[in-house]
Each structure stands twice: as C-alpha cells, then as structure tokens.
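Trainee: First the structure, then my questions, so here it is.
Derivation of every value follows stated rules applied to the coordinates shown; laboratory data play no part. For clarity, every value in this text was computed on a predicted model and none was experimentally measured. Virtual Cβ from ideal backbone geometry, glycine too; neighbours counted across all protein chains shown.
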Amino acid sequence: MSIVQEISEFLQKGRAKNVKALVQQALDEGIDAKTILDEGLLNGMMVIGGKFKRNEVFVPEVLVAARAMNAGVAILEPKLVEMGNEPIGKAVVGTVKGDLHDIGKNLVVMMLKGAGLEICDLGVDVEPETFIAKAEEIGADVICMSALLTTTMPNMKGVIELLTEKGLRDKYIVMVGGAPVNDSFAEEIGADYYTPDAATAAEVAKKAVEEKKAN
C-alpha cells in the first residue's frame, strides 16, 4: 500500500497522529502536496462520507475522521499556499435566524471541506443579510442554509427573497437542509438543491460548482 493510501486508511479510522506523521513523511519523500491532499485526505473523507450516507458509520466516526483530516491539512497548508492550490469553489454555511442547532451544519462544513471547497462557517442564528453580505465579501459560489425547527424554516425563504430583491439570485447556488426540510419545501421557496444528509450535500455542491465554473 502506498503512503498516500495509508493516509486515507488512517484518516478513515480517525487516527490523527498517524495521519500527521504520514503526511509529513510523504512531503519529506517529495510527494506532491496536492496529491497527498486529493488522494490521501480528501479521498479518505469521501469514503467516510459514503459510509455515513449508507449508515455504516455514524456522527462520532465522522467527527474523528474530520479531526484527522484537519490535522493533515494543517501540515499541508503552507505547501499548498506556496503552490497556489485553488479550492474548487467557496461556500458560506450557516444555521438560519432563530435556530441554534449546529451538529448537522458542522457535518456539512466538514464534508464540504472534504470535497475541496473553501468554507466560511457563519455559525448559528444567522440573519438573512449576513448570509448575503458574507457571500458577496468572499466571492462565494454556494450559500448553504440549515434549519432544524419548522418555525425557523421560513427564514430560508427570507434569504432567497432578499437575494432576489438585490438582483443577486442567479449569482449563487442555494442549498438547504435539515431534519424538517424536504424537496417540496426547497422547490416552494426557490432553492436550487435540497439534500438529505451531509455527504450528499458535499457531492451535490461539488458537482454544481464544477458545472457553474464550466459554463
């Protein structure tokens, strides 16, 4: 097994120390930082994402894998900056106004990072204006909104209405998710995508950003 495959394997087991040591070793052996990132860290995270989707692993396993990924990324970061490694796109992610739930949102943030997107995590209880201001500021491609309460779901619509009002609706891929949210609600408020879980959110976001960039 190659060292890059080992990185992926250890990441899936959530072994941050091993991941860190192997990432450093791979760099010392002259392996390209982007290869280590794509085929080691991101590959491992996508495997975990797939297993999570199929209920083969659960939130705790995803969290430790993400921690291991972050440990590896921290070592790679200076090298990637040197190489000018561009993320595939940028996303702002947050739980909508009035809602303080963040476990689902945090999983989405990790999975999106694992799919190669640069993330701005706005946290919880986010005002519609804040989603848009931040997206404009960082030049985001995607706005991801989460809600866990039926009472806060309408605030997703508020963001989309504000985007439309400002003439910015077509500029962003708008994604929504959370336990009470479904396809028909997403359609009704004019969101681009609804995804049932974090792993699917990452796959859909990646594909949507790549298509957007290609056009």
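Trainee: Using a Gaussian network for the chain with springs between C-alpha atoms less than 10 Å apart, which of these wobbles most: V176, V93, V126?
Mentor: V126
Trainee: Can you figure out the FRET efficiency of T151 with A21, using R₀ = 45 Å and their beta-carbon distance, to the nearest 0.05?
Mentor: 0.40
Trainee: With each run of n ≥ 4 DSSP H residues scored as -39500 (n - 2.57), what mean residue ellipticity at 222 nm is computed for the chain after dividing by its residue count and rounding to the nearest 500 deg cm²/dmol?
Mentor: Values: 9 runs with 118 residues, N = 215.
Rounded to the nearest 500, the figure is -17500 deg cm²/dmol.
Trainee: Can you tell me the orientation of helix 198-214 relative to the chain, as the angle in degrees between its alpha-carbon axis and the longest Cα principal axis, to the nearest 10?
Mentor: Around 80 degrees separate the two axes.
Trainee: FRET efficiency for T35 and N55, Cβ-Cβ distance as r, R0 = 41 Å, nearest 0.05? Before the final figure, lay out each step's value.
Mentor: On the way: r = 31 Å, r/R0 = 0.76.
The value I calculate is 0.85.
Trainee: Each label point is 7 Å from the Cα along the Cα-to-Cβ direction; what then is the distance between the points at D170 and N215, in nm?
Mentor: Result: 0.9 nm between the two label points.
Trainee: In addition: Using a 10 Å Cβ count of at most 12 others and DSSP loop calls, identify the longest part of the chain lacking such trypsin sites (Lys or Arg not before Pro).
Mentor: On the way: sites that count: R54, K166.
That gives 55-165 as the longest site-free run.
Trainee: May I ask which residue of M46, V93, A16 lies farthest towards the positive end of the charge dipole of the chain, with charges of +1 (Lys, Arg) and -1 (Asp, Glu) on Cβ and the Cα centre as origin?
Mentor: Checking the options against the dipole of the chain, the answer is A16.
Trainee: With everything on Cα atoms, drop me the angle between helix 103-114 and the longest principal axis of the chain, reported from 0 to 90° to the nearest 10.
Mentor: 50
Trainee: Kindly express, to the nearest 10 degrees and within the range 0 to 90, the angle between helix 3-12's C-alpha long axis and the longest C-alpha principal axis of the chain.
Mentor: The helix 3-12 is inclined about 50 degrees to the chain.
Trainee: Still on this structure, please answer the following. Using a Gaussian network for the chain with springs between C-alpha atoms less than 10 Å apart, which of these wobbles most: A74, A16, A186?
Mentor: A74
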